[in-house]
Amino acid sequence: MLLNRLLLESALATPSVTCEMKMKKFNIRKVLDGLTAASSSFSSSSAQPGTPRENDAVQETLQTEHFQLCKTVRHGFPYQPSSMAFDPVQKILAVGTQTGALRLFGRAGVECYCQHESGAAVIQLQFLINEGALVSALADDSIHLWNLRQKIPAILHSLKFNRERITYCHLPFQSKWLYIGTERGNIHIVNVESFTLSGYVIMWNKAIELSTKTHPGPVVHISDNPMDEGKLLIGFECGVVVLWDLKSKKADYRYNYDEAIHSVAWHHEGKQFVCSHSDGTLTTWNVRAPAKPAQIITPHGKQPKDGKKPEPCKPILKVEYKTTRAGDPFMVLSGGLSYDTVGRRACLTVMHGKSTAVLEMDYPIVDFLTLCETPYPNDFQEPYAVVVLLEKDLVVIDLGQIGYPIFENPYPLAIHESPVTCCEYFADCPAELIPALYSVGSRQKRQGYSKKEWPISGGNWGQGTQSYPEIVITGHADGSIKFWDASALMLQVLYKLKTAKVFERARAKEEKPSTDIVDEDPFAIQTLCWCPESRMLCVAGVSAHVIVYRFSKQEITTEAVQLLEVRMQCEFNDADSPDPGGEQTPTVPNPASSSPQESEPPSLPTTGNNSSEGPRDNIPCLQLRSSPLKQFPGYQVELLIQLVWVSGEPPQQITSLAVNSSYGLVVFGNSNGLAVVDYLQKTLLLNMGTSELYSPSDPYQRQPRSPRKARQPSGALCDSNDGANASEDRCKSPTSGSASPCNSDDERKQKFIEKVKFKSRRFSKTVANDFAKMSRKISSSSDQKPDLEKRSQRWCPLACNRRFHSVKADRKATRRTLKWTVHRTQSDPCPNAKDNSFTRSRSSSVTSIDRESREAISSFYFCESFPRKSESLVSPCLLVGTTHGSVMMVALSLPPGGDQRLQQPVGISSCGTLVQLKGGILTMGLLDGAGTLLPPSYEPWYDPNASDEEKEKSRRRRPASPPSSQEAQDTQFAVLCSEKQAKVVAMPSQTRIYKHNITETSFVLRADVVQMAGANCIACFCANGHIMTLSLPSLRPLLDLNYLPLTDMRIARTFCFSNLGQALYLTSPTEIQRITYSQETCDNLQEMLSELFTPVETPEAPNRGFFKGLFGGGAQSLDREDLFGETAAGKASRSLAQHIPGPGSMEGMKGAASGVVGDLARARIALDERGQKLGELEERTAAMMASAESFSKHAHDMMVKYKDKKWYQL
């Protein structure tokens, strides 16, 4: 199957990598840099005899030693959390996940991510409080000791159980002995310093009564008595609780209850404990009264009047019992709701005195912890907050204020508030951008949070020198866009924009849909384009709409959103005869002129209504907002562009988008063609099919053809459902579930679609389509080269300055919008337009595969270059890349600035094909003769709603014509990268001077021209997991590492590179992983990362008091070493568990630790080693003294014995 080939192919290396990349493994980078540059130049230039060597003067500074790949930080909510722990002294929170990941949180900006190699779920976490260590228990029956005293935590020891399953762990405060309960009901004891098992074992058959005939079940709870460390409380699943005496090795008391136990909590005085049960009850037991519970309550049960037992409720999964000095104790529990509350959200119940507060949560509760002032269990706990870990959120509740408000979360955990559909990364942004976004975003913050500081406040920030501004933009399924401050390895939300406000919302669904199963997301963001310098934002949605935004600090109310409707359709004639020559001047469509409707069958309706008599036509997918729109400071709508239905066909999704503030233009394209819009004049300048961009004499010109030669009626292709309803799925979001595809033309495709649907149930429709697209590409080892001799010379004439005038509607129209309906004049009208257009929904993977026969627009790049070979001066241009590898040049003729720019039209003319590459075009760029990147021109930002005087002062539009510095240029380099290869073309000669085949067996998913170490390069991410960089302009391979085999389409859709060696991708639905390919960043990473462990004094133990000390009423200590040590308990069975030394052992800790914490750790290690040596020396000295004393005693005895005897008596 193709899907299996995709997964298998991710492990293969790229065979087309040059000799330098293969020899890199032998670490001779510097020797090969010159060789590869020479070989690359020779191989590419030899194919072009007589090519001018414009690149001779370009000095490339990037070398292989500038690159190294490593992960930096991970942001977002831990995906699929399973457990949680808190260090009350260090103030550090740890969260484990079902995939074996660990996320550690301190103060805002202090985060850490680490991963267990096995990937097994983390079932429990235990801190060694204030020791800088953490114990994790996994579902594969292994326990691990993590060292948190270094910036990147590492495993010191591991212990793998072979014969028993781990169910519960308990580590007493300031103890080195870890209790481990198992599924068989036994309890083993582990020394956390050496990670060795003790011979002391509590067997289940000795703990329970001998008369019991059934097995008590797994151990679900272990805890020691707060006042007596020698008493261990053991809870079994069946409902039996045993108080075990560690010294006498027998059970003191046994407590029996009919219902299963889920958790147990002690009162700090050690005289009572509380159990939560599966029937929603809480039982309180006195330690010395095991016969029956002292109290039984059902917090959420209905109390019958006749005194009978309350109705059973849902299980109480966890309970915590915390005391205070000044008032009533707190009892916090999760679950226990009555069964009649079907559909009610998960709740956390806080019982304080006579009051009971039920706090509803947005997601199911995974775990919760009560934060207390003291780490000692035998003192008043004084709870002040509750940390609640939900399936998709982390909530901290303030117990000290009335109403229990929540704390404002400082972590970037809301990335997945709505599913992420696209992502962009911008490094080294203008310095004033982040303060501007923060100022408008601060007004959007919610109110009602707790006034106290965030209680999880441990750790310290890193001391890195990386200070350039970084911004991440995420687009979401609900139409929202979030701007994030990503500077200094942190992530903080700055501003949120809701694009759905422009449209009318359906009121059918009152409840917000779940983020897992979303029926429709018509406002989902498909792609976006942002200019940081001018602050212009352009957004494309899945409902074939484009919104242009300007940034303003003033609040305005827009009475009517300006609307531009565009009719884009793909209608081709199968006839091979060329069109008649001559130019065509487009005219305003009217009843007397040529229009698309005239070429359609008379039976098709021409109205804009979807009636039962015919399909939809000339209406957009979304309805524009009819009421006035109040726009707050921030991004405000400048123009809305909507593609309309054409003869029952929904508009195709927008595949590429670009905006240029200096030119005042927005360009977008899809599988039908491209459209250029002047957002200053609110007019459509160009609406053209892709084939019309080719010039008449273009050797790359493709023959336009219908996607289907023989078109059957829609009823024969799809189910008997309404065609219009099936087409409506076109407007669904990328997060919607896959719909049933239409009948495929090939059985192999149909099997592949079913496999994709099975493998990607949690993926979106667009994701499934992307799988189909990628698998189709992988199935072919290489693209077929275009046959130039057999190509048709069919030419669709194009006026040199082709533009379409807008039809301005009356401003007093009912819809109160400025609306222009524009139709493209057909140069080759087709008598059956309906049969030559698609009617299948975009949710069908078959349609996605078939649509590949069309040449869609894949990328744009505004620049100032030489539009034709004969040109000697640069002028505004637009590079257009297609999915078939063609790069076309379009010349732009801009009127002068000022008022003339708003009145005179913009001229557009096609200049034909610049170059042809294998695979779809991904990115384009332009270098000057010295190899410096020439970014697109931009207009400096000004507030569009400011006063006229301020506008005149701040508005300094850059001229549309090239500056004088560029007029003297005689050489430029166009950088082009496709899914298969990269090329550098000299301008204006348009000759290829460099070429590099990136991959033959795979294809590139994302490519960007980035700035790195003062130079430029191309960064690529391939489907086989390789990350590569190529120098510019010579295209020397500088980096090629197999980093991330593509197993998830989410990575392919969100991976993006940025300047200065930074990149990121969405590693899970809730987390962003940032990586760097810069050697400098990797070298400074230790300094940039935050520190988790900080030296803090452990609080003093509670005072026992005079009378308690006199009469022995205080806490009883226990020398566990005498009980569990090898001398007293013996050795454990070797077959029970296997000890595995971790990579972060003593040597690893010595090398990894840095800073003050590292010095302290090294000093402690040295002291331990010195103490060990001194101890050995002391033992030897004591042995020698004992030997000398023994010798002296024997000598004295002999002297006394023979003192008075004569010599003859001897």
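The values are calculated or read from the model by the stated rules, or taken from the named source; none is laboratory data. Because the structure is a prediction, the values reported are computed rather than measured. We place every Cβ from the backbone using ideal geometry, glycine too, and count neighbours over all the protein chains shown. The accessibility values were calculated without ligands, DNA or RNA, using every heavy atom of the protein model including side chains. Shrake-Rupley method; radii C 1.70, N 1.55, O 1.52, S 1.80 Å.
Accessible surface calculations at 1.4 Å, restricted to protein heavy atoms, place the stretch 319-452 at 45 Å² per residue. Packing, as the average of other Cβ atoms within 10 Å across residues, places the peptides 1196-1202, 254-260, 879-885, 453-459 in the order 879-885, 453-459, 254-260, 1196-1202, highest first.
Global dimensions of the stretch 894-937 from alpha-carbon coordinates: Rg and Dmax equal 16.0, 44 Å. Against the criterion of solvent-accessible heavy-atom surface with a 1.4 angstrom probe, LEU873, LEU497 sort, most first, into LEU873, LEU497.
Averaged per residue, what accessible area in Å² does the stretch 984-1127 show with a 1.4 Å probe, protein chains only? That works out to 35 Å² per residue.
Once the Cβ-Cβ distance of ALA291 and ASP362 is raised to the sixth power relative to R0 = 51 Å, the FRET efficiency obtained is 0.75. Here the convex hull built on the C-alpha positions of the stretch 343-485 has a volume of 164 cubic angstrom per residue. A Stokes-Einstein calculation at 10 °C with viscosity 1.306 mPa s, built on the Kirkwood radius of the stretch 301-372 over Cα pairs, returns a diffusion coefficient of 116 µm²/s. The length gained by stretching the chain between LYS314 and GLU269 to full extension, at 0.36 nm per residue less their Cα-Cα distance, is 13.2 nm. Alpha-carbon geometry of the stretch 200-327: the Rg and the Dmax are 15.1, 52 Å, given in that order. Simple spin-label estimate for LYS498 and ARG254 gives 6.1 nm between the two label positions (7 Å along the Cα-to-Cβ direction from each Cα).
Computed from point charges on the beta carbon alone (+1 for Lys and Arg, -1 for Asp and Glu), the dipole magnitude for the stretch 380-513 about its Cα centre is near 520 Debye. Charge dipole of the stretch 271-312 (Cα centre as origin; +1 on each Lys and Arg Cβ, -1 on each Asp and Glu Cβ, all else neutral): 180 debye, rounded to the nearest 20.
Over all Cα atoms in the stretch 105-190, the spread is summed up by Rg and Dmax: 13.4, 43 Å. Hydrodynamic radius of the stretch 993-1112 by the Kirkwood approach over all distinct alpha-carbon pairs: 17.8 Å. The calculated FRET efficiency for ALA1129 paired with TYR449, based on their beta-carbon distance and R0 = 51 Å, is about 0.50. If the chain linking TYR339 and GLN63 were pulled fully straight, counting 0.36 nm for each residue of separation and taking away their Cα-Cα distance, it would gain 92.7 nm. Using only side-chain charges placed at the Cβ, +1 for Lys and Arg and -1 for Asp and Glu, the dipole size of the stretch 55-113 relative to its Cα centre rounds to 520 debye. Here the stretch 293-416 exposes an accessible surface that is 52 percent carbon and sulfur, computed with a 1.4 Å probe and the other protein chains kept in place.
Can you give the FRET efficiency for GLN903 and GLU1087, using 1/(1 + (r/R0)^6), R0 = 41 Å, r = Cβ-Cβ distance, to the nearest 0.05? Efficiency at R0 = 41 Å is approximately 0.10.
In the context of the full set of protein chains, the stretch 50-193 has a per residue accessible area of 32 Å² (1.4 Å probe). Label separation (ARG505 vs CYS70): 4.6 nm, computed from points 7 Å beyond Cα along the C-beta direction. Extending 7 Å from the Cα toward the beta-carbon at both ASP928 and ILE1140 defines two label points whose distance is 5.7 nm.
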